[in-house]
Amino acid sequence: MVAMRAVPKERSTLLETIEMKSSILRYALTAITLVASSAAQASFVGNTIRATACYPDLPPGCNTTSSVTAVVGPGAEFLDGMFLPFFGPSFDFADTTITITHAATAHSPGTFNGYDFFDLNSTLDDITGVSILSDNTGFFSGNPGRVFFDANNVYVNFESLSFSGFQAPQVVLGVSFGRSVPEPATLGLLGLGLAGLGLVRRKRLA
């Protein structure tokens with residue numbers, strides 16, 4: 001029979017401390033990895049946008065809808081004729097801009113007769129602003145309320161507008177992005193790990 005030798009108290013305490021530190025480090029690294037992996041992007045390029053044409057109002061008052069999905073890359077993503085029975089505009093997304101080119105057509109009156117662009121996979125940073133960079137029609141620069149947004153959507157309202165007589169009417173929108181806030185659970189996990197590291201350090205200094 002082999003006799004088991006007791007582990008000295010000092011060594012046992014050291015082993016427990018090392019094990020605790022390893023566990024806390026794993027929590028902290030897991031949280032950091034989650035925060036990094038959930039980081040969004042401040043550019044449309046490579047992300048999936050769903051464009052929905054709505055009339056005569058936004059949902060739930062939208063009786064006529066047509067949706068098209070596209071991954072943003074070179075060239076225009078949404079072309080005139082893709083949204084039947086809607087027609088007229090084409091939309092070209094770039095890093096932080098949306099270029100609208102319009103055919104010589106008119107739009108019926110309504111509360112909303114236009115398009116909703118949605119971050120389909122929630123991979124973009126929150127949208128924090130939309131500005132009119134250029135407008136050779138005067139319709140949008142003269143009435144900025146035709147373009148509005150929330151964290152995941154940009155809305156463009158063409159209601160009652162007529163582009164007849166314009167030569168290559170075009171509007172360019174600039175979109176600003178802001179960092180998304182990490183989920184509370186992720187922040188809590190990171191805080192737990194950092195607090196634990198502080199506790200271990202205090203024990204070592206005691």
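Overview of results
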read-out: Residue pairs meeting the criteria (Cβ under 6 Å; at least 6 apart or on separate chains; first of a type in the set (Phe, Trp, Tyr), in the range 93-109; second surrounded by fewer than 20 Cβ atoms within 10 Å (Cβ to Cβ)); value: Phe93/Val72
read-out: Residues within the range 18-72 that are modelled with pLDDT of 95 or more and of a type in the set (Lys, Arg), tallied; value: 1
read-out: Residues located in the range 49-67, provided they are surrounded by fewer than 16 Cβ atoms within 10 Å (Cβ to Cβ) and among the β-branched types (Val, Ile, Thr); value: Thr64, Thr65
read-out: Per-region count, the range 94-110, residues within 17 Å of Ala51 (Cβ to Cβ), of a type outside the set (A, V, I, L, M, F, W, C) and not in a strand (DSSP E or B); value: 1
read-out: Residues of the range 111-153 classified as open to solvent by 60 Å² or more (accessible area, probe 1.4 Å) and in a strand (DSSP E or B), total; value: 4
read-out: Filtered residues of the range 49-65 (kept if without any contact (Cβ under 8 Å) to a residue 40 or more places away in the chain, more than 18 Å from Leu161 (Cβ to Cβ) and not in a loop (DSSP other than H, G, I, E, B)); value: Thr65
read-out: Those residues of the range 81-110 which are within 21 Å of Pro59 (Cβ to Cβ), open to solvent by 50 Å² or more (accessible area, probe 1.4 Å) and within 26 Å of the chain's Cα centre (by Cα), in sequence order; value: Met82
read-out: Search result, residues across the range 154-173 that are in a loop (DSSP other than H, G, I, E, B) and either hydroxyl-bearing (Ser, Thr, Tyr) or open to solvent by less than 60 Å² (accessible area, probe 1.4 Å) (or both); value: Phe158, Glu159, Ser160, Leu161, Phe163, Ser164, Pro169
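The values are calculated or read from the model by the stated rules, or taken from the named source; none is laboratory data. Keep in mind the model is a prediction, meaning the values are calculated, not measured. When we count neighbours, we look across all protein chains shown, and the Cβ atoms used for this are built from the backbone with ideal geometry, even at glycine. Accessible surface areas use protein heavy atoms only, side chains included; no ligands, DNA or RNA. Shrake-Rupley method; radii C 1.70, N 1.55, O 1.52, S 1.80 Å.
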